[in-house]
Amino acid sequence: MKIRFFGRIAIVFLLLTGGFDYAFANPDENDTEATLAEVTWYFDSDGDGYGDPNNSTTSPSGNFFSWQLNKDDCDDSDAGIFPGALEIAGDSIDQDCDGSDLTVPGAEQISLLAPTHNEAISFGASGGKIAFSFSKITSAAKYILYVELRDIINQTVSTTPVHLIPPIPASSVGSGTSVTSGFSESFTGMVFELALDATFWDELALYTVKWGIEAYDSSGALIGSSNNSSVPYKYASTSNIKFLASTAIALTSPSPGSVLVKSDPAPVFQWDHYTGATQFELILIHASGASLDQVIPFPLLTLNSLQIDEATWQSMSTGKWYWTVFGYDSGSRMPSDFTIFDFEVSNSTSTSTCGAYVAPGVWKEFDCYNLAAIGKTTNDDPFTPSWRLNGGYWQWGRKGPDSSQWYDTNTENFAHGPTGPGMGDANDGDISSWDQTYSPQVSWSPTYSKTANDPCPAGYRVPTYSQWYHVLESNPQSTVGSWSSSATNYSSARFFGNDLMLPTAGSRIYGDGSLNNRGTNGSYWSSTQGASNYAWLLYFSSSNAYTDLNSRRVGFSVRCVAE
């Protein structure tokens with residue numbers, strides 16, 4: 001049967017009707033007519049939007065969504081592999097279909113030496129110069145300094161790359177390339193000294209600044225990074241710096257990034273005296289997303305410190321706060337500029353409560369243990385990695401077995417965790433009944449409600465994509481353990497802040513349910529589905545962490561969040 005295609009009109013019609021067995025007239029006789037026989041369609045078995053070049057037809061049948069007009073998929077059995085997918089270096093998989101895995105020969109970790117994390121730098125003490133110091137990569141022909149500026153008030157972000165040519169022979173970097181001024185080698189590594197005038201320095205005082213380094217050889221290949229050669233993620237997790245305005249009152253305590261706990265005594269804010277200022281005004285500002293929803297001024301202060309009263313302290317919302325101090329002389333403000341420091345207010349840092357920030361200024365409780373972790377039944381320390389914290393693995397959208405079977409039973413869509421530290425206890429083999437079907441959309445809820453299929457206990461639910469995304473963005477990260485792939489490596493984990501530790505439990509392969517990458521990769525489902533047959537998750541390794549999509553048939557860990 002002939003179908004006449006008129007751009008998006010025909011596609012919408014096919015979507016509404018659910019098939020190809022239809023035709024309609026062209027109201028504009030100048031449009032070009034095409035027949036179905038003139039169009040080649042390619043089957044998309046994994047539902048990632050890219051067709052299989054080896055499976056085509058001019059007479060497609062069945063579901064419209066199973067056919068594509070492109071033939072660009074290089075592995076139509078895996079929804080995580082398609083042109084433009086995030087490429088993971090060194091895993092022998094070509095995720096982005098460019099013909100090869102991302103390799104970084106001789107890749108090295110670049111250590112950031114100075115400025116240190118959350119260091120505050122004053123214009124006067126530094127002479128208007130900031131020195132970025134980092135470890136040297138021996139064969140580097142070029143470094144790139146990435147500087148991210150986050151506007152404290154508007155929460156907008158901009159990134160500037162600065163290309164740095166080191167003092168090496170010109171033949172190594174190409175004709176006409178000269179050494180970057182201010183860039184040199186020191187006893188400890190490389191140093192780039194940047195001189196700034198007072199005006200620009202003062203402008204930077206209104207931003208939170210993050211920095212990172214990448215190194216490239218003479219062929220343009222990435223050979224080193226401050227975030228362990230992870231191309232999409234330029235910055236280390238501890239690289240924040242703070243500029244102090246040249247004509248501003250110097251803030252001293254609490255320092256940038258401090259966490260203040262509500263159960264502690266009310267905090268003391270301190271700043272330096274400023275010549276000529278006879279009074280001061282301390283201002284505390286609470287940020288909720290991009291808005292400032294709570295402003296607390298303390299005017300007419302004659303001393304350069306203030307312990308806020310207990311009533312005010314207990315009324316302060318948890319989350320991100322900013323503070324600054326203005327000086328006055330006879331009612332006129334002095335100096336003209338000001339510096340802003342940030343701090344966090346938290347309900348508790350007790351290990352009895354686990355949690356993290358799941359949105360700007362929003363701290364949320366998480367279960368302290370992976371779902372189906374034996375350690376929860378024995379009250380193990382949730383911040384010391386062990387086999388007891390590993391937990392089970394769920395296919396996305398599945399309820400799984402009754403909780404009485406969580407610790408020793410495999411089913412068609414669930415695999416239990418280890419039952420002991422030894423190889424015989426690892427439960428790493430195939431699961432012959434592993435389900436090869438996909439759970440339907442909204443089996444778990446992408447919103448803050450909870451479906452009947454959600455396996456988390458009462459009062460908890462599987463986190464949404466948005467919550468995992470902000471766990472990544474709003475919490476400092478660190479790692480522990482030895483990151484090597486072994487069925488019995490239970491030592492590695494990633495921290496998000498001080499109160500959430502996720503074990504590197506690996507996953508269960510979608511084809512047969514066997515164990516994969518325990519000790520090197522952590523993968524935690526979100527409740528948010530992706531297109532067709534895959535869903536969103538939080539993924540991490542020793543070098544990076546990000547949100548990703550994967551097949552719903554894969555078995556991943558679940559960490560429940562409070563409703």
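For region 497-529, a residue qualifies if it is charged (D, E, K, R) and in contact with a strand residue (DSSP E or B) (Cβ under 8 Å, 6 or more places away or on another chain), and the qualifying residues are D499, R508, R518.
Taking the criterion of being surrounded by 17 or more Cβ atoms within 10 Å (Cβ to Cβ), modelled with pLDDT of 80 or more, touching a Leu at 6+ places or on another chain (Cβ under 7 Å) and not acidic (D, E), would at least one residue in region 223-237 satisfy it? No, region 223-237 contains no residue that is surrounded by 17 or more Cβ atoms within 10 Å (Cβ to Cβ), modelled with pLDDT of 80 or more, touching a Leu at 6+ places or on another chain (Cβ under 7 Å) and not acidic (D, E). Here L389, L371 are screened, and the one residue that is closer than 16 Å to S526 by Cα and modelled with pLDDT of 95 or more is L371. Would you check if D381 is crowded, with 16+ Cβ neighbours inside 10 Å, assigned to a loop (DSSP other than H, G, I, E, B) and acidic (D, E)? Spelling it out, it is not the case that D381 is crowded, with 16+ Cβ neighbours inside 10 Å, assigned to a loop (DSSP other than H, G, I, E, B) and acidic (D, E). Selection of region 126-149 for residues being crowded, with 20+ Cβ neighbours inside 10 Å and either aliphatic (A, V, I, L, M) or outside any strand (DSSP E or B) (or both) yields I130, I137, A140, A141, L145, V147. Within region 297-328, the only residue that satisfies the criterion of being of a type in the set (A, V, I, L, M), surrounded by fewer than 16 Cβ atoms within 10 Å (Cβ to Cβ) and closer than 26 Å to K364 by Cα is A311. All of G397, G375, G331 fail the test of being surrounded by 15 or more Cβ atoms within 10 Å (Cβ to Cβ) and on the phi > 0 side of the Ramachandran plot, apart from G397. Checking F280, F269, F243 one by one, the residue that is part of a strand (DSSP E or B) and either among the basic types (K, R) or within 21 Å of P115 (Cβ to Cβ) (or both) is F243 and no other.
The values are calculated or read from the model by the stated rules, or taken from the named source; none is laboratory data. These figures come from a predicted structure and were not determined experimentally. Please note: Cβ atoms are built from the backbone with ideal geometry, for glycine as well, and neighbour counts cover all protein chains shown.
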